[in-house]
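Note sheet for the following structure.
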Amino acid sequence: MNKSKKELFLELAQPDENGVSRWVSIREFVGKYQGLQLGNGGSWCRDNSSLAKKFNLEFDKGQTLGNPIDRIRLNGYNTECVFNQNIRQDIKNHYKQQCCAMCGARGNSENTQIEVDHKDGRKNDPRVSDLNTQTFDDFQALCKACNDKKRQICKKCKETGYRFDATKIPGNYYSFYEGEAEYDGCVGCYQYDPIQYRKTCNDRIYNEGYQKGYDERYQIGYHQKTTL
């Protein structure tokens, strides 16, 4: 019976009882271990691989010029929750039929194809990671172009600890629809839910306009009463 790539690497690496192994050179990926070669991107050792879900992987990239990875080793068991990015099929089917929540596009070209997006870009909620407990409201339809932009914005947000300022987009009057600028989450950001952003901000604009009109009418009425 053929061994999986995970099993082949474990056979090479020989981790101890603590999950720590020796450094394994990519030069060892020959013969029966040829399938471990990283020419296809090394899917067997990526963050979402079954190997990475069990062990902490370390990569040495400083041995030779031109090789993105020279050596790999296991450095203990992974005790953190690994987020499962799979999305339930009924949720996929629902959103694949919709237009992009951000720009309204939906087409056949690469950039206009609809992707089902995890609204929370941090992807650290175990409930959303579980197919049995994730809900339709955890996702949204985004075209590939908008989803790519969102990923870059979310990355910067996580690095800085500050939300994206939605007023950078012409026509937006508020930086976010809920919460504060300094925040370690996603709820309230424009990219988290553009539809909710528009609904909340439209209500806010209406209420502020109504209150402004009410205050002005009150001041005019008060002035008229006091000058009669």
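Computed from the coordinates by the stated procedures, all read-outs in this text should not be read as laboratory data. Nothing here was measured: the structure is a model prediction, and the numbers come from that model. Positions of Cβ are generated from backbone atoms using ideal geometry, with glycine treated the same way; all protein chains shown enter the neighbour counts.
Some points to look at:
- Taking only alpha carbon atoms, region 5-77 gives an Rg to Rh ratio of 0.93, where Rh is the Kirkwood radius.
- Sparsely packed GluC sites (Glu not before Pro) within region 151-206, loop by DSSP, other Cβ within 10 Å at most 13: 180
- Between residue 38 and residue 11, residue separation times 0.36 nm minus the direct Cα-Cα distance comes to 8.0 nm.
- With the simple model of a label 7 Å out from the Cα in the direction of the Cβ, residue 202 to residue 25 spans 6.5 nm.
- Inter-label distance, residue 183 to residue 132: 3.2 nm, where each label sits 7 Å from its Cα along the C-beta direction.
- Computed [θ] at 222 nm, deg cm²/dmol, the chain (DSSP H ≥ 4; -39,500 (n - 2.57); rounded to nearest 500): -10500 deg cm²/dmol
- Reach of residue 53 by Cα under 19 Å, taken over aspartates and glutamates that are not fewer than 8 positions away in the same chain: 7, 11, 16, 17, 80, 125, 130
- In this structure, the pairs whose alpha-carbon distance is over 20 Å, taken from 6/32; 5/155; 119/144, are 5/155.
- Diffusion coefficient, µm² s⁻¹, Stokes-Einstein with Kirkwood Rh over alpha-carbon pairs of the chain at 37 °C and 0.692 mPa s: 150
- Those aspartates and glutamates that a straight Cα-Cα span of less than 18 Å connects to residue 61, excepting residues fewer than 8 apart in one chain: 28, 47, 70
- Shape of region 89-200, Cα gyration tensor, a/c cut at 1.5: oblate
- Couplings 3J(HN,Hα) of region 119-124, computed from phi: 4, 7, x, 7, 6, 10 Hz, in residue order, whole Hz [Karplus 6.51 cos²θ - 1.76 cosθ + 1.60, θ = phi - 60°; x for Gly and Pro].
- Cα gyration tensor of region 32-154 - equivalent ellipsoid semi-axes, whole Å, descending: 33, 19, 13
- Listed by chain and number, the aspartates and glutamates whose alpha-carbon sits under 18 Å from that of residue 149, ignoring those within fewer than 8 places in the same chain, are 110, 115, 117, 120, 159, 165, 193.
- Projected area averaged over orientations for region 22-61, convex hull of C-alpha atoms, nm²: 3.2
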